[in-house]
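Below is one structure, written out as structure tokens, with a few remarks after it.
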């Protein structure tokens, strides 16, 4: 973010201030990034065309935006290293679903696609087995925007 306090004494711009998300350790960020990589590979092997990854909006981030045939697919990726607090799929709460839907609607409107193509919301859940092997499950149509 650029702010007035980011101006040097002679008006030159200083480097942007980067704020890490509170509670996001490097290990957790790396787990998330590796999950997105695994998900993109799995979706590609199923014929999805990846359009965007880590698409940032004012309301958060859409992990993957893809096309599956004529359908625009917004994908939430969750990876869990243990089942201690539930599975990866269970961690996609109704609040998170609503945020993804809001971001998807904004993306569609920005790109002139709203009501011009079918839309689907998928979840790629990656649960690491005790030996560390990732178990990948794709839930096509995991949730929907009933207001559409």
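The values are calculated or read from the model by the stated rules, or taken from the named source; none is laboratory data. All of these numbers come straight from a predicted model, not from anything done at the bench. Cβ atoms come from the backbone with ideal geometry, glycine included; neighbour counts cover every protein chain shown.
Would you check if there is a residue in region 57-77 being surrounded by fewer than 17 Cβ atoms within 10 Å (Cβ to Cβ), modelled with pLDDT under 95 and more than 20 Å from residue 145 (Cα to Cα)? No, region 57-77 contains no residue that is surrounded by fewer than 17 Cβ atoms within 10 Å (Cβ to Cβ), modelled with pLDDT under 95 and more than 20 Å from residue 145 (Cα to Cα). Taken together, the residues in region 126-148 that are surrounded by 13 or more Cβ atoms within 10 Å (Cβ to Cβ) and part of a strand (DSSP E or B) amount to 11. Of all the numbered requirements in (1) surrounded by 13 or more Cβ atoms within 10 Å (Cβ to Cβ); (2) modelled with pLDDT under 95, residue 123 misses one, and that requirement is (2). Residue check: residue 51 meets all listed conditions (1) over 18 Å from the mean Cα position of the chain (by Cα); (2) modelled with pLDDT of 95 or more but one, namely (1).
Return yes when residue 118 is over 17 Å from the mean Cα position of the chain (by Cα), under 22 Å from residue 44 (Cα atoms) and surrounded by 15 or more Cβ atoms within 10 Å (Cβ to Cβ) and no when it is not.
On the way: over 17 Å from the mean Cα position of the chain (by Cα): yes; under 22 Å from residue 44 (Cα atoms): yes; surrounded by 15 or more Cβ atoms within 10 Å (Cβ to Cβ): no.
No, not satisfied.
Among the residues making up region 79-98, those that are surrounded by 17 or more Cβ atoms within 10 Å (Cβ to Cβ) and either in contact (Cβ under 8 Å) with a residue 60 or more places away in the chain or not in a loop (DSSP other than H, G, I, E, B) (or both) are 79, 80, 89, 97.
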